Amino acid sequence: MTAKFIPRQVFPSYASIPRSYYLGHHRAGLKKMQNMLSSIDYVIECRDYRRDLGAKPGSSAQRSVEKTVRGFDKPSATFFVSSSRPDANSILKHLRRDAEGPDRLVGCRVMVVGMPNVGKSTLINNLRRKGVGKAKAVQTGGQPGITRKIGTPVKIIERENGSHVYVLDTPGVFMPYVPDAENMLKLALCGCVKDSVISPVTLTDYLLYHINLHDPSVYRRWSAPTNEIMPLLESFAQNKGLLAKGGIPNVDLAAQHFIQKWRAGELGLFLLDDLKAEKRSRLEGSEKEVGRSISSILRAERTAKKQDSSKL
């Protein structure tokens, strides 16, 4: 009788995971944004919760997820826009309420901000297309770092009296330091850091850990349910012809292709974050502290490592 597959309940190790992707143009862009805030009417923060990967579009599961996410930041207006089916009408409608108000005599300036590669430029192009019927104005790409500078204002709403609405594209800015290594893995899977920053095999192993918790049958064409990433990648490489010299499976290339399959929605629908745990944490007032300095976090980690070593 075949033993029942038991997925890992925890990911085994975070020791080798980089904790930062804070580059020079991130620092420069953030400083310039801060200096421009006095001339900005609205700030739109883009967040990528991988809507297309979380649940079937239009399903009750998706509506439930979005209701929960809206509750995390109630004072602010929250909109959900899909890059695969772009619809920026809700955002434009919100902006028009202010831009077309009776006391609005001058133009309105909107700044779009967010982490690298979350879709800021795509959103701006959609706002422009829907708002004024013009072609895209800013360059987009599948890797972080396409936008390096704050762009020139792009018109997205036009008014007869000249008080138009303009939007500014900004470079994605990563956190200076990520205290939780697991969050770094999640951000890397979503493409907020370049794929070369974390080993693709490690990243795929973390993805496998999540897939197994939801539905391991999604990779059955390459392997039976498994917690071992290397046999899966070797089988996947053989199947896809991703071979090095001598017919040896190229596991790094296989890992990159496996991740791309997940990003394309071909390996199941699930969120990397546990929204129930996040909601419970917020209700209990026990959110992880994010305001600590990098040095204090590093000191705490070194102390913890020393204590672990002394126990050996």
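The values are calculated or read from the model by the stated rules, or taken from the named source; none is laboratory data. Everything numeric here is computed off the predicted structure, so don't read it as measured data. Cβ placement follows ideal geometry from the backbone for every residue including glycine, while neighbour counts extend to all protein chains displayed. SASA here: full protein model, heavy atoms, side chains in, ligands and nucleic acids out. Shrake-Rupley method; radii C 1.70, N 1.55, O 1.52, S 1.80 Å.
Report, in listed order, any pair from Lys130/Lys276; Lys32/Lys120; Lys56/Lys194; Lys186/Lys261; Lys120/Lys276; Lys120/Lys186 with a Cα-Cα distance greater than 23 Å.
Lys130/Lys276; Lys56/Lys194; Lys120/Lys276
Among the chymotrypsin sites (Phe, Trp or Tyr not before Pro) within the stretch 142-246, which fall in a DSSP loop and have no more than 16 other Cβ atoms within 10 Å of their own Cβ? Kindly include the intermediate steps, with their values, before the conclusion.
Values: sites: Tyr166, Phe174, Tyr177, Tyr206, Tyr209, Tyr219, Trp222, Phe236; in loops: Phe174, Tyr177, Trp222.
Passing both the DSSP loop test and the Cβ count: Tyr177.
Name the residues whose placed amide hydrogens come within less than 5 Å of the amide hydrogen of Glu45, ignoring near sequence neighbours (fewer than 5 apart) on the same chain.
Hits under the 5 Å cutoff: Val113.
Return the loop-located trypsin sites (Lys or Arg not before Pro) in the stretch 210-263 (DSSP other than H, G, I, E, B) with at most 16 other Cβ atoms within 10 Å of their own Cβ; answer none if there are none.
Qualifying residues, ordered by number: Arg220, Arg221.
How large is ³J(HN,Hα), in whole Hz, for each residue of the stretch 234-245 in order, when computed from phi with the Karplus curve 6.51 cos²θ - 1.76 cosθ + 1.60 and θ = phi - 60°, using x for Gly and Pro?
So the Karplus estimates, Gly and Pro as x, are 5, 5, 4, 4, 4, 5, 9, x, 8, 10, 8, 4 Hz.
Compare Glu158, Glu278, Glu66 by solvent-accessible area with a 1.4 Å probe and give them largest first, with all protein chains kept in place. Intermediate values should be presented prior to the final figure.
Working: Glu158 115, Glu278 65, Glu66 20 Å².
Descending accessible area places them as Glu158, Glu278, Glu66.
May I ask you to list the chymotrypsin sites (Phe, Trp or Tyr not before Pro) in the stretch 241-273 that are in a DSSP loop and have at most 14 other Cβ atoms within 10 Å of their Cβ?
Values: sites: Phe258, Trp262, Phe270; in loops: Phe270.
For chymotrypsin sites (Phe, Trp or Tyr not before Pro) across the stretch 241-273 that sit outside H, G, I, E and B with at most 14 neighbouring Cβ atoms in 10 Å, the list is empty.
Once the piece of chain linking Gln238 and Asn161 is laid out straight, how much longer is it, given 0.36 nm per residue of separation minus the C-alpha distance between them?
21.3 nm
Where q = 0.18, 0.24, 0.26 Å⁻¹, what log10 of I(q)/I(0) comes from the Debye formula for the stretch 247-287, counting one point per Cα?
-0.66, -0.79, -0.84
Starting with the highest mean, order 125-135, 70-80 by the number of other Cβ atoms within 10 Å, averaged over the residues of each peptide.
125-135, 70-80
Please compute the Cα-Cα pair-distance distribution of the stretch 175-249 with 5 Å bins starting at 0, giving whole percents from short to long.
3, 14, 21, 20, 19, 13, 6, 3, 1
Can you sort Leu232, Leu275, Leu253 by 1.4 Å-probe accessible area, starting with the largest?
The residues order as Leu253, Leu275, Leu232, largest area first.
Excluding ligands and nucleic acids, what accessible area in Å² is computed for His257 using a 1.4 Å probe, to the nearest 10?
90
Taking a 1.4 Å probe, which of Leu272, Leu243 shows the most accessible area, and what order do the others take after it? Spell out each step's value before the answer.
Details: Leu272 25, Leu243 75 Å².
Listed by decreasing accessible area, they come as Leu243, Leu272.
What is the Å³ per residue value for the convex hull set by the Cα atoms of the stretch 1-68?
213
Mind grabbing the accessible area of Ser39 for me, 1.4 Å probe, Å², rounded to tens?
50
Taking H as built 1.01 Å from N, whose amide H comes closer than 5 Å to the amide H of Val167, not counting residues under 5 places away?
The list, which skips near neighbours in sequence, is Val110, Val154, Lys155, Ile156.
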